[in-house]
Amino acid sequence: MLRALTLVSLLLSFLPVQAQEGSTLTVDADTLARRLGETTWGMEELLAGKVEEMTITLRVEELDGDGNVKHTQERVDRLRVKDGQQHREILQARKDGQDATAAMRKDLEERQRKGQGRAEFNSVNLPFAASYLGQHRFSLAGRDPKDPNRLRLRFEPRADTAPSVHKGEALVDPSTGQLIRLSYSPTQLPHMADRVDVRMDFRPHPAVGQVLDTLHVDAEGGLLFYRKHLRITARYSNLVPAGASKDAASAP
């Protein structure tokens with residue numbers, strides 16, 4: 001199950017656009033994308049010194065060919081970032097319902113000594129982040145059928161040149177520039193992966209704006225006679241922005 005985690009390592013000029021309901025939207029896709037990059041923190045921002053500490057609650061399910069859960073792994077990690085260096089600590093862990101804290105702590109400590117502890121969660125950067133904005137093409141896809149006050153913003157790579165370039169859709173509140181949800185598939189899949197579907201849900205944080213709340217990954221891959229189907233959920237909580245006191249800055 002620990003090796004399975006590597007699949008994750010796998011977050012103004014206005015023009016009129018016709019909405020699904022027939023009304024006209026006055027917003028430009030590129031402008032909206034830039035605004036999202038300014039108002040939202042994804043993994044790139046969380047791990048680049050803007051956050052000193054956060055808690056990651058992880059659940060990994062391995063499914064059989066019928067979609068039934070074969071194995072589960074649950075972990076609660078504390079991640080600290082200082083001077084650009086990350087340090088993860090496993091607070092508790094269970095494997096198939098049994099306590100596995102000691103064994104998984106030992107494994108993580110060994111991987112961190114080898115410089116391998118960063119890979120599990122760092123490949124979920126946003127297409128709107130400054131480092132990736134220019135690599136994506138954006139277009140409006142109309143209003144959300146479930147909530148006409150929200151817009152669907154599509155994105156796709158300008159060229160298949162980097163594994164961090166994605167193709168998918170964002171759900172946005174255009175009045176506030178808040179990113180609500182992001183769904184995508186990487187254009188370049190991790191090694192031995194045949195399919196990776198990602199959904200990222202965001203929430204407001206009183207100290208910083210929109211932040212990544214929950215990451216959902218559904219992935220399949222493996223060798224011909226050794227196939228795996230994984231369902232992964234990671235929730236990010238107790239964020240402490242750099243320079244803020246824990247009491248004043250932490251949020252669920």
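The values are calculated or read from the model by the stated rules, or taken from the named source; none is laboratory data. Computed from a predicted model, the values in this text were never measured in an experiment. Positions of Cβ are generated from backbone atoms using ideal geometry, with glycine treated the same way; all protein chains shown enter the neighbour counts. Areas reflect the complete protein model, heavy atoms only, side chains present, ligands, DNA and RNA absent. Shrake-Rupley method; radii C 1.70, N 1.55, O 1.52, S 1.80 Å.
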| query | Somewhere in region 213-231, is a residue open to solvent by less than 20 Å² (accessible area, probe 1.4 Å) and among the aromatic types (Phe, Trp, Tyr)? | reply | no
| query | Restricting the first residue to region 85-104 and requiring it to be more than 10 Å from Gln73 (Cβ to Cβ), which pairs with a second residue that is not basic (Lys, Arg) and not in a strand (DSSP E or B) meet a Cβ separation below 6 Å and a spacing of at least six or different chains? | reply | Arg88/Gly117; Ile90/Met104; Ile90/Leu108; Gln92/Thr101
| message | Step by step: first the residues of region 197-206, then only those that are open to solvent by less than 80 Å² (accessible area, probe 1.4 Å) and modelled with pLDDT of 90 or more, then the one that is farthest from Glu169 (Cα to Cα). Which residue is that? | response | Arg203
